[in-house]
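Quick notes on the structure that follows.
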Amino acid sequence: MGDDQKQPEVQIKQKSSKKDNKDNLSSILKELPQVDEVLNHDTFSFLSHALPHESLKNSIRDVLESIRNDVKSGKITDKKQIPPLSEIATDSCKHALQLVKPSLRKVINASGVIIHTNLGRSCLCEDAVKAVEDVAGGYCTLEYSTENMARGSRHSHVEQLLCTLTGAGGAIAVNNNAAAVMMVLNEFAKGHEAIVSRGELVEIGGSFRVPDIMALSDAKMVEVGTTNKTHAEDYSDKITPDTAMLLKVHPSNYRMEGFVEDVSIKELRKIADAENKRRKKSDEGQQIIVYEDQGSGVLIEDELFKTNGEHTITDSLKLGVDIVSCSGDKLLGGPQAGIILGKKEHIDRLKKNPLARALRLDKMTLAALEATLRIYLDADAARKKIPTLRMLTESADSVKKRAIKLTKFLTSELGDFPVEIETVEEISRAGGGSLPMCDIATFCTKITFKNDDGYSADKFLVQENEIPIISRLSKECLYFDARTLSETNFKEISKALKKYFTEAK
Ligand SMILES: *Cc1c(COP(=O)(O)O)cnc(C)c1O
C-alpha cells in the first residue's frame with residue numbers, strides 16, 4: 001500500500017529538471033487515484049472474490065501506469081482529461097479479467113488442414129476422450145498390477161497392443177517422436193557412428209532437425225550420398241568398426257522429384273547383415289542396428305497411404321528394421337506421443353535408459369493412446385472412429401453434402417447482410433508434415449464480402465469470437481472447409497458472423 005502512494009512522487013522527482021512542466025505535470029498526476037481507492041470502487045466488488053487480491057492490484061497499477069505515461073508523453077495535458085474513477089475501475093476490471101482468461105482454448109477448425117500442428121494435430125476419438133476422463137480425475141492402475149497386487153509397469157498398457165497391431169517383439173511409448181529419435185540414438189549410437197543419407201537430413205516443423213537431434217544424443221553423424229541420390233555402396237563404404245547404426249529418416253513434409261534415389265530398408269538390412277556376420281566371425285563388439293524414423297505412424301493399409309508412398313509400421317518391421325519410431329498424433333490419430341517398436345531385446349534396453357524416465361508419458365496420454373490403439377484392432381472401425389482417419393478418408397461427395405448444408409444454413413441466417421454465399425470445390429491438406437503432395441478434394445462454403453476485403457471478418461472470427469474460428473482467407477473471401485467441420489459447428493459459425501456484422505461494423 002505504501003509503495004502505491006509513493007509512485008507519483010517518484011515521477012515528479014524525475015521530471016524536476018524540466019522546470020516549466022514540473023508544476024503542471026505534478027498537479028495532473030496528483031489527480032490520479034490511489035490503487036486502493038480504485039480497488040474499493042463498486043465495480044470491483046464482484047471481482048474481489050473471483051481473483052487474488054494481488055492480481056487485481058497489479059491490473060490497477062498497469063492501468064494507472066498507462067495513464068501516467070499519457071501524462072508524461074503529453075497526450076494528457078489537463079486534469080480534466082484524467083479518466084474518472086469509475087472508468088479507471090472498469091478498465092482495471094477488464095484488464096484483470098484479461099490476465100485470467102484461459103489461454104489454451106477450443107477452436108473451430110474450418111481451415112481444411114486435418115493434422116493442423118498449430119491447432120493441436122489430431123483430435124482424439126470418443127473412446128480416447130472417455131478413457132482420459134476415466135483416469136484423469138481419480139486414481140488408476142498407472143503403475144499397479146491388479147493381477148500381482150503389486151507394483152506394475154506403466155509401459156505395459158500399450159506394449160501388448162502395439163505388438164499385436166504391428167508384429168513387433170516389443171514397444172515403448174514416450175513423450176513424442178523427437179524424444180523417441182533422441183532416445184534410440186542415445187541408447188544405440190552414443191559415442192559411435194550412425195550413418196545417414198544427406199537426402200534425409202531434413203528439418204521437420206519448427207524445431208526438429210535430424211543433425212541437431214543426433215548431436216544432442218551424442219551420436220556421431222556420418223553423412224553419405226548427395227542431396228538427391230544415395231546408393232547402397234555409399235553406406236557400405238562408410239562402415240567402420242565404430243559404426244553402430246544405419247539410420248533412415250522419413251522425409252515428412254519434404255519431397256524431391258526427378259533424378260532421385262534412396263536406399264531401401266531392405267538394402268540397408270542386407271548391408272547391416274553382411275557387416276554383422278563379419279563382426280561375429282571376428283568376435284568384434286556390437287552389431288549394427290537398422291533404425292527407421294517412420295514419422296507418420298501409419299498402422300493400417302489404405303489406398304490413400306499406398307498411393308502417396310506411405311508404408312505401414314508393419315511394413316518397416318517386415319522389411320527388416322531393428323527399430324522403428326513414429327509420432328502418436330500424426331496419421332496414427334492419437335495423442336501426442338512417440339512410439340518405438342522393434343525386437344524385444346532392443347526395447348528392453350530402451351526401457352532401462354534413464355531417458356525413458358525423463359521422457360515418459362503421463363496417465364492421461366497413456367489412457368488416450370491405449371484407447372486409440374484398441375480401436376485399430378478393427379481397421380474398418382479405425383477408419384470410422386478415429387477423427388484423423390475419418391477426415392482423411394471421407395469421400396468428396398460426402399463432404400460436399402455437409403458443405404451444401406452449411407451454405408444453405410448460412411444463407412438463411414445471414415440473408416440480411418452484404419454477403420454472397422456459395423459452395424465451391426477446393427483442396428484439403430493432411431497437414432502435420434504428412435502426405436505433403438496429396439491434394440484431397442473437398443468442398444467449402446465460400447463467403448464473399450460485398451463491402452470489404454474479408455480480412456476484418458477473419459480477424460473478428462479469430463480474435464473476438466469466444467470460440468476462435470479458423471477459416472481460410474483467400475482473394476478477399478473466407479472459405480469454410482467442410483472436411484474439418486462437423487454439423488455441430490454450424491450454429492457457432494453463423495452466430496459469430498452475425499455478431500461480426502452487428503458489432504464490428
Ligand atoms: C513429425 C516427425 C518427427 C517429430 O515428431 P514429433 O512427434 O512431432 O516429435 C520426427 N521425425 C519425422 C520423420 C517426423 O515426420
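The values are calculated or read from the model by the stated rules, or taken from the named source; none is laboratory data. Note that the coordinates shown come from a computational prediction; the quantities given were computed from them, not determined experimentally. All Cβ positions, glycine included, derive from the backbone under ideal geometry; neighbour counts span all protein chains shown. Calculation scope for accessible area: heavy atoms of the full protein, side chains included, ligands and nucleic acids excluded. Shrake-Rupley method; radii C 1.70, N 1.55, O 1.52, S 1.80 Å.
Structure data summary
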read-out: Rounded, prolate or oblate (a/c below 1.5 giving rounded, otherwise prolate when a/b exceeds b/c) for segment 78-144 by Cα gyration tensor; value: oblate
read-out: Potential lengthening between ASN118 and GLU301 on full extension [0.36 nm per residue; Cα-Cα distance subtracted]; value: 63.1 nm
read-out: CYS326 accessible area, assembled protein chains, probe 1.4 Å, Å²; value: 0
read-out: Most positive-pole-ward Cα, VAL100, GLY152, GLY328, against dipole of the chain from beta carbon charges; value: VAL100
read-out: DSSP-defined antiparallel bridges as percent of all bridges, the chain, nearest 5; value: 60
read-out: Whether the chain is rounded, prolate or oblate, judged on the alpha carbon gyration tensor where a/c under 1.5 counts as rounded; value: prolate
read-out: Inter-centroid distance (Cα atoms) of segment 92-163 relative to segment 247-301, Å; value: 33
read-out: Residue-averaged [θ]222 nm for the chain, counting only DSSP H segments that reach four residues, each worth -39500 (n - 2.57); value: -13500 deg cm²/dmol
read-out: GLY431 long-range amide H proximity, modeled H, under 5 Å; value: ILE114, ILE115
read-out: Dipole magnitude (debye, nearest 20) for segment 88-234, charges at Cβ of Lys, Arg, Asp, Glu; value: 600
read-out: Accessible area (Å², 1.4 Å probe, nearest 10) - LYS401; value: 150
read-out: Inter-site label distance for GLU420 and ASP378 at 7 Å from Cα along Cβ, in nm; value: 4.8
read-out: Signed unit charges on C-beta, dipole axis of segment 435-505, positive-most listed residue LEU478, ILE447, GLN463; value: ILE447
read-out: Segment 270-333 - percent relative contact order, Cα under 8 Å, separation 6 or more; value: 38
read-out: Part-to-part distance (alpha-carbon centres) for segment 425-443 and segment 24-71, which is given in Å; value: 51
read-out: Built amide H within the under 5 Å cut-off of GLN34, gap 5+; value: none
read-out: Whole-Hz couplings from phi, Karplus 6.51/-1.76/1.60, listed for segment 247-254; x for Gly and Pro; value: 10, 10, 10, 5, x, 6, 7, 10
read-out: Lysines with Cα under 22 Å of LYS266, excluding same-chain neighbours fewer than 8 positions away; value: LYS229, LYS238, LYS248, LYS277, LYS280, LYS306, LYS318, LYS343, LYS344
read-out: Surface accessible to a 1.4 Å probe, PHE417 within the full protein complex, Å²; value: 50
read-out: Relative contact order for the chain, counting Cα pairs under 8 Å that sit 6 or more residues apart, in percent; value: 18
read-out: Under 13 Å from LYS495, Cα to Cα: aspartates and glutamates that are on another chain or at least 8 residues apart; value: GLU413, GLU464, GLU466, GLU503
read-out: Probe 1.4 Å, all protein chains present, accessible-area order of TYR144, TYR455, TYR139, largest first; value: TYR139, TYR455, TYR144
read-out: Surface share of carbon and sulfur [accessible, 1.4 angstrom probe, percent] for the chain; value: 50
read-out: Simple spin-label estimate for GLU345 and ASP315 in nanometres, 7 Å along Cα-Cβ; value: 2.9
read-out: Of the DSSP H helices in the chain, those whose Cα atoms cover at least 27 Å axially and whose Kyte score averages -1.0 or more; value: 53-72
read-out: Dipole in debye (nearest 20) - the chain, about Cα centre, beta carbon charges: Lys, Arg +1; Asp, Glu -1; value: 540
read-out: Cα-based shape type of segment 143-186, given that a ≥ b ≥ c are square roots of the gyration tensor eigenvalues and the cut on a/c is 1.5; value: oblate
read-out: Largest to smallest accessible area among MET182, MET245 [probe 1.4 Å]; value: MET182, MET245
